[in-house]
Amino acid sequence: MTDPIVLIVMGSDSDLPTMQETAQILTQFGVPFEMRISSAHRSPHRTGKLARDAAGRGIKLIIAAAGMAAHLAGVVAAETTLPVIGVPMGGGALSGMDALYATVQMPGGIPVATMAIGKAGAKNAALFAVQILSLSNPQLHESFVAYRAQMAAEVEEKDAVLQAAGRL
């Protein structure tokens, strides 16, 4: 098995069903990854160590997913110079808005690329990771270009079906 280059870290096992979207996309593109559970609040020392040790283990970027107070991406970003992509989880009293604000409102100097709440964000986090990694991997870049072309072709096919049916 190839060593992972992406670390997916979740604040809770309840985030796993959503983050399977991330895993599925990375697998589709052949990007090796590992998934871990570590909480910014319940296991801060463990979380810090995961972030600090990531680059030395060959990790190129980190995707961090958490809900509610959602400080996981920020804590991870504070402990590493690797790019960090945050995925706010839905749910809770504020339906994920609290997680979105906590993830996107990082202080100047500690950036976190923040995706949408939930499964769309989990999918886009993986695609953004592929885009970043493809800057230094021509084969991955070609795969990403093909992926985008396939999406465009699917839209055209759906429109052709709609037009053939005579619906306006």
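The values are calculated or read from the model by the stated rules, or taken from the named source; none is laboratory data. What you see is a predicted model; the values in this text were computed from it and never measured. As a convention, Cβ positions derive from the backbone with ideal geometry for all residues, glycine included, and neighbour counts pool all protein chains shown.
Can you find a residue that is on the phi > 0 side of the Ramachandran plot and at pLDDT 95 or above anywhere in the stretch 34-48? No, the stretch 34-48 has no match at all.
Is at least one residue of the stretch 71-78 in contact with a Leu (Cβ under 7 Å, 6 or more places away or on another chain) and modelled with pLDDT under 95? For the stretch 71-78, residues in contact with a Leu (Cβ under 7 Å, 6 or more places away or on another chain) and modelled with pLDDT under 95: absent. Looking at this structure, is Met89 under 26 Å from Arg148 (Cα atoms), assigned by TED's automatic domain parsing to the domain that holds Phe29, modelled with pLDDT of 95 or more and touching an Asp or Glu at 6+ places or on another chain (Cβ under 8 Å)? Against the criterion (under 26 Å from Arg148 (Cα atoms), assigned by TED's automatic domain parsing to the domain that holds Phe29, modelled with pLDDT of 95 or more and touching an Asp or Glu at 6+ places or on another chain (Cβ under 8 Å)), Met89 qualifies.
Could you please let me know if Ser134 is closer than 20 Å to Ile59 by Cβ and either at pLDDT 95 or above or surrounded by fewer than 16 Cβ atoms within 10 Å (Cβ to Cβ) (or both)? So Ser134 passes the test. The set of residues in the stretch 102-118 that are buried (at least 17 other Cβ atoms within 10 Å of the Cβ) and over 19 Å from Lys60 (Cα atoms) comprises Ala102, Thr103, Met106, Ile117, Gly118. Of all residue pairs spaced 6 or more apart or on separate chains, those with beta-carbon atoms under 9 Å, a first member in the stretch 143-168 that is modelled with pLDDT under 95 and a second member that is surrounded by 10 or more Cβ atoms within 10 Å (Cβ to Cβ) and in a helix (DSSP H, G or I) are Leu168/Leu162. Quick check, is Ala69 assigned by TED's automatic domain parsing to the domain that holds Ile117 and either on the phi > 0 side of the Ramachandran plot or buried (at least 18 other Cβ atoms within 10 Å of the Cβ) (or both)? Judged against the criteria, Ala69 is not a match. Within the stretch 117-143, the set of residues being among the β-branched types (Val, Ile, Thr) and not in a loop (DSSP other than H, G, I, E, B) comprises Val130, Ile132. Hey, any hits in the stretch 124-131 for a residue that's touching a strand residue (DSSP E or B) at 6+ places or on another chain (Cβ under 7 Å), buried (at least 16 other Cβ atoms within 10 Å of the Cβ) and more than 19 Å from Thr27 (Cα to Cα)? Among the residues of the stretch 124-131, not one is touching a strand residue (DSSP E or B) at 6+ places or on another chain (Cβ under 7 Å), buried (at least 16 other Cβ atoms within 10 Å of the Cβ) and more than 19 Å from Thr27 (Cα to Cα), which makes the answer no. The set of residues in the stretch 2-28 being within 18 Å of Leu133 (Cβ to Cβ), of a type in the set (Asp, Glu) and assigned to a helix (DSSP H, G or I) consists of Glu21 alone.
Scanning the stretch 29-66 for residues that are in a helix (DSSP H, G or I) and either touching a residue at least 40 places away in the same chain (Cβ under 8 Å) or surrounded by 21 or more Cβ atoms within 10 Å (Cβ to Cβ) (or both) turns up Thr47, Leu50, Ala51, Ala54, Arg57.
So that you can scan it fast, the table gives a plain yes or no per residue for (1) of a type outside the set (Gly, Ala, Ser); (2) in contact with a Ser or Thr (Cβ under 7 Å, 6 or more places away or on another chain):
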residue: Thr2; (1), (2): yes, no
residue: Leu7; (1), (2): yes, no
residue: Ser38; (1), (2): no, yes
residue: Met68; (1), (2): yes, no
residue: Val75; (1), (2): yes, yes
residue: Leu94; (1), (2): yes, no
